[in-house]
1. Under a 10 Å cutoff between Cα atoms, tell me which one of B:Thr153, B:Thr55, B:Thr127 has the largest fluctuation in the Gaussian network model of chain B.
2. Anything over 25 Å Cα to Cα? Flag those among B:Lys67/B:Lys173; A:Lys187/B:Lys67; A:Lys25/A:Lys192, in the order listed.
3. Dipole of the stretch A:1-76 (Lys/Arg Cβ +1, Asp/Glu Cβ -1, origin at the Cα centre): which of A:Leu74, A:His21, A:Ile50 lies farthest to the positive side?
4. Just grab the label-to-label distance for B:Leu14 and A:Glu156, each label 7 Å out from Cα along the Cβ direction, in nm (one decimal).
5. Step through the residues of the stretch B:120-132 one at a time and calculate ³J(HN,Hα) from phi using the Karplus curve (6.51 cos²θ - 1.76 cosθ + 1.60, θ = phi - 60°), rounding each to whole Hz and writing x for Gly and Pro.
6. For the stretch B:158-197 and the stretch B:79-117, what is the separation of their Cα centres, given in Å?
7. Quick one: label points 7 angstrom along Cα→Cβ at B:Arg158, distances to the other copies in nm, smallest first?
8. Starting with the fewest neighbours, write out B:His43, A:His21 ranked by other beta-carbon atoms found within 10 Å of each beta-carbon.
There are 2 protein chains.
Amino acid sequence: MPNERLEKQIGFILEIDKLKHILRKTILSDRSRRENSAEHSWHIALSVLILSEYTPDEAIDLFQVMKILLVHDLVEIDAGDTYCYDEKGIEDQEVRERQAADRIFNILPPDQVQNLRSLWEEFEAKTTPESKYANALDRLQPFLLNYFTNGQTWLENRVKQAQVIKRMQPVQKGAPFLWEYVNELIKLAVQKGYLEE
Amino acid sequence: MPNERLEKQIGFILEIDKLKHILRKTILSDRSRRENSAEHSWHIALSVLILSEYTPDEAIDLFQVMKILLVHDLVEIDAGDTYCYDEKGIEDQEVRERQAADRIFNILPPDQVQNLRSLWEEFEAKTTPESKYANALDRLQPFLLNYFTNGQTWLENRVKQAQVIKRMQPVQKGAPFLWEYVNELIKLAVQKGYLEE
């Protein structure tokens, strides 16, 4: 194949296939198995369209949110999925993910590297309205799967109400109209014994 | 939960979780297992950004392409994935998928039903530049996985070169600058014995 540029692009597309092997803690709604990060990314990218009315900012660029969400977990190909309540894993998560970004995005042709990498950086920085909405959806989706599987993952990891409230702060910031709903489900989860008080 | 509208939206988000169980014929690049339609949808939605320079139409709306691809396989939740070389399955595929669309999209609040359903309809009609590019990526990705796993799925199903050439016509129509590359890989696949002549 003479076309070096296209070869790099195809190389990147084949490389990111590996995200389908990165298992999260979250289980699917029928409880049959754990979810992987590619499935999760698809699920939240599509949710952008379903829940866009709950963003506080009407001028939000939903295309940008979608791009951010499709890319946001690619670093896990090298760095793995860090469980949010794993305090030890979180310590060096940033270093591991930055090294992963250095390798993975650089598979692309030079002019595309920063385009893609900046989406991940925007997600991590949580400063733009698009990033805030993306982070809200990234937290909401596993919360829903946890709640509607009767808290199975929470129970297995003895998760407490206060931890979930803290974990769900991005919903309050990025999609505040959904916070009331989330807060209500957290209370119900405690009542039903899915979450420790 | 008092909010009937939000309840429908969350119901839809939980319903589409089932796409993660729909297995395709294609296998992952490490050949460990078959790919599911949620992973496939994520992969091609992200490929939109990587390969956009190969569309013939510079004015193409990439956000629309991405939306189409995130939604295009949802009907498989009821209708299943129809293998493209399964002539019997293809006979009633359209009817099965239309019934699936009637059920699945109608889980949404009434004003969102047509918004989402029209993305699937646009994909199926293959008339807009966005739909053509979406269809090209939908065909290209499994082709790449087939080729770079040494044709394992082609060999298992005794697929012939002419079938793949026909199957890949949407690449010629939707991303013609990629056609030359695909055509070259098809020839190599025959040479290497991945495809029957």
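Here, each number is a calculation from the coordinates, and none is a lab measurement. Because the structure is a prediction, the values reported are computed rather than measured. Glycine gets a Cβ as well: all are built from the backbone with ideal geometry, and neighbour counts include every protein chain shown.
1. Answer for the Gaussian network model of chain B: B:Thr127.
2. Numbers: B:Lys67/B:Lys173 20 Å; A:Lys187/B:Lys67 34 Å; A:Lys25/A:Lys192 21 Å.
Violating the 25 Å limit, Cα to Cα: A:Lys187/B:Lys67.
3. Of the listed residues, the answer is A:His21.
4. 2.0 nm
5. Each residue's phi maps through the Karplus curve to give 5, 5, 5, 4, 5, 6, 6, 10, 7, x, 5, 5, 5 Hz.
6. Centre-to-centre distance over Cα atoms comes out at 27 Å.
7. Nearest first, the other copies' label points are 5.9 nm away.
8. So the residues, fewest neighbours to most, are A:His21, B:His43.
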